[in-house]
Amino acid sequence: NLPSAENIKATTAFIPVNASLPEGTVELYWGSTETGLRDGHVSTNLDRKLNGFQLSWLEPDQSYYYTIAYYPPYSNEPIYSKEIKSFKTKGVGIQFTDLAITSEGNRPEYALRIKVTGLEETDALSNMYVSLYSAYTDNSGYITHGICSLRYLGDAVWEYEAIDEYDSYLAVIKNQEGRIFAKTPVV
């Protein structure tokens, strides 16, 4: 019988397995579709201390399917589970908070702050990025686009200090391939 996925987050999940088998190899077949699991991802790194497989680099708000194969000792023929189970990763969100005053004195300076939900600090290691884009339109209608350097403040908050009142800004959570999972309205 297949175990249920545990500790499911936006980009990670854990599949427990009875790792007390005396010998042999256990493999986890998984993917984003139920058909073709054996042609999809194969995890062979069974963590016998944790008794299972730690999956990472998953995408938020996505369903995944899995099954297990056991290779007995001295055999090239696996024994596949007759079950296929699924789990869904958690979604993520992003929003601008109120402007922050970053300096005191005669002329205060402001910073944009971005708050993220559903994305943990460890998810940044799993192909998820918080990005801020700017756009400026000059008097002749020419638009200049840019990407802004963010500073992580902790507690799922990022900051951009060099805001310009004439620019428009958009913040996103995306993966390395550029697929966007959450975005803010343009401000």
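Over the C-alpha trace of the chain, radius of gyration and Dmax come out as 22.5, 78 angstrom. Computed across segment 39-134, the Kirkwood radius stands at 17.9 Å (inverse of mean 1/r, all Cα pairs). Heavy-atom accessible area with a 1.4 Å probe sorts Val26, Val187, largest first, into Val187, Val26.
Here is the list for segment 105-187: GluC sites (Glu not before Pro) lying in DSSP coil, each with at most 14 other C-beta atoms within 10 angstrom of its C-beta, are Glu109, Glu165, Glu177. When you have a sec, figure out the Kirkwood radius of segment 69-112 from all distinct Cα pair distances and drop it here in Å to one decimal? Over segment 69-112, the inverse of the mean reciprocal pair distance is 16.8 Å.
Explain nothing, just the number: dipole magnitude of the chain about its Cα centre with +1 on each Lys and Arg Cβ and -1 on each Asp and Glu Cβ, in debye rounded to the nearest 20.
With Lys and Arg at +1 and Asp and Glu at -1, about 520 debye.
Considering only Thr11, Ala111, Gln54, and ranking their Cα positions along the charge dipole of the chain that arises from unit charges at the beta-carbon of Lys, Arg, Asp and Glu, the one farthest toward the positive end is Gln54. From the alpha carbon centroid of segment 147-187 to that of segment 46-63 is 28 Å. Given +1 at the Cβ of Lys and Arg, -1 at the Cβ of Asp and Glu and no other charges, the dipole of segment 96-187 around its Cα centre is 280 debye to the nearest 20. Under a Gaussian network description of the chain, with springs only between Cα atoms under 10 Å, the residue in Tyr142, Tyr160, Tyr129 that fluctuates furthest is Tyr142.
The values are calculated or read from the model by the stated rules, or taken from the named source; none is laboratory data. Note that this is a predicted model, so its numbers are computed, not measured. Every residue, glycine as well, gets a Cβ built from its backbone with ideal geometry; the counts of neighbours run over all protein chains shown. These area figures cover heavy atoms from the full protein model, side chains too; ligands, DNA and RNA do not enter into them. Shrake-Rupley method; radii C 1.70, N 1.55, O 1.52, S 1.80 Å.
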